[in-house]
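Following: one structure in structure tokens, then a few remarks.
The values are calculated or read from the model by the stated rules, or taken from the named source; none is laboratory data. What you see is a predicted model, and the numbers here were worked out from it, not measured in a lab. Positions of Cβ are backbone-derived with ideal geometry, glycine not excepted, and every protein chain shown enters the neighbour counts. These area figures cover heavy atoms from the full protein model, side chains too; ligands, DNA and RNA do not enter into them. Shrake-Rupley method; radii C 1.70, N 1.55, O 1.52, S 1.80 Å.
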Amino acid sequence: MEIVFNKLCYLENKNSSSEKKYLDNVDFTIESGEIVSFVNDDLSIIGDLIMAVKRPSKGEIKLDNLIIKRTSHISNVNLLRKKIGFVRNDIEKSLTKSVKEEIKKTMKNYDYKAKNVTKHIVDSLRIVGLNESYLERDCKTLSYTEKKKISLACAMSYNPEVLILENFEKGLIFREREYFRKLFLKLKNKFNKTIILIGTDLTFLFDVVDKVYVINKGKLVFSGDKDIFYEDKLYKYVEMPKIVEFIKYAHQTGHDILEYTDIKELIKELYRNVK
């Protein structure tokens, strides 16, 4: 699914003292099968707009042949939302039943039919690295990382074309972040999923995204591929990724290191230089 934002604006509490502009005349295109990130706070609105939970104040969104405007009518909004999995940041509140019941409920909400429901639920768990031993587990007893995996399994259970993940990296330690980065690449390369990551941690996003969009006060202030991580002006808006911080420090101390976007390649160069 190609997603196009065309001169899109979204604001709340218009013409009041609490007016807030989330998106201000932004243009971008997300190609099918890409992993992209939107960087800054208060951007869950992007997921709500793509799912037509909220409508643009101005401009339009194109989802393949469907156009969403402020006043447009969508004849089958459920069919649209079935194509999109939105994992929000509030997993502590959203998971209240057993793992099996949570995934079954999600399948029912999106009218996803399976010949063998239990097998399908187990398959959804296996995609995120869990197994059938979790079926009867109470979600309230799971660790934070396990809840992240269950939320993702719920979204995967109805096989959406697009995954939108809000602040997914928060609360994860390094090893867990590495696990999810590999999983996102697998979902992209093996299952052709389009993945939209909404967050603020560029270190988490750095070696997994194809494109980056940085929003500040509603404006699209930076966009591009991984090379924009080496733009000094970018760090007026966000914190520098550790790999970029390291390479810039190396340059300042007289070491000629390439501006890598793959940490494995950086490690290889450092090892070669040490030898």
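Key figures for this structure:
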| quantity | calculated |
| --- | --- |
| Sulfur and carbon atoms: percent of accessible area, the range 1-151 [1.4 Å] | 43 |
| Computed over the range 1-131: relative contact order in percent, which uses C-alpha pairs under 8 Å that are six or more apart | 20 |
| Exposed GluC sites (Glu not before Pro) absent: longest stretch of the chain, with sites in DSSP loops and at most 14 other Cβ within 10 Å deemed exposed | 32-135 |
| Tail fraction, Cα-Cα pairs, the chain, threshold 32 Å, whole percent | 30 |
| The chain: most fluctuating residue of Ser18, Ser32, Ser124 per GNM, C-alpha cutoff 10 Å | Ser18 |
| Dipole of the chain, positive direction: furthest Cα of Val122, Met51, Ala155, with charges on the beta-carbon | Val122 |
| Charge dipole magnitude, Cβ of K and R +1, D and E -1 - the range 75-204, Cα centre, debye nearest 20 | 380 |
| Cα-Cα over 18 Å, subset of Lys211/Lys248; Lys83/Lys193; Lys149/Lys211 | Lys211/Lys248; Lys149/Lys211 |
| Probe 1.4 Å, accessible area per residue of the range 1-125, Å² | 52 |
| DSSP-assigned coil residues among trypsin sites (Lys or Arg not before Pro) in the range 101-147, each with at most 12 further Cβ atoms within 10 Å | Lys113, Lys115 |
| Contact order relative to length of the range 120-246, as percent, for alpha carbon pairs under 8 angstrom and 6 or more apart | 18 |
| Chymotrypsin sites (Phe, Trp or Tyr not before Pro) within the range 210-260: DSSP coil, no more than 16 neighbouring Cβ in 10 Å | Tyr237 |
| Mean-position separation - Cα centroids, the range 79-95 and the range 1-58, in angstrom | 17 |
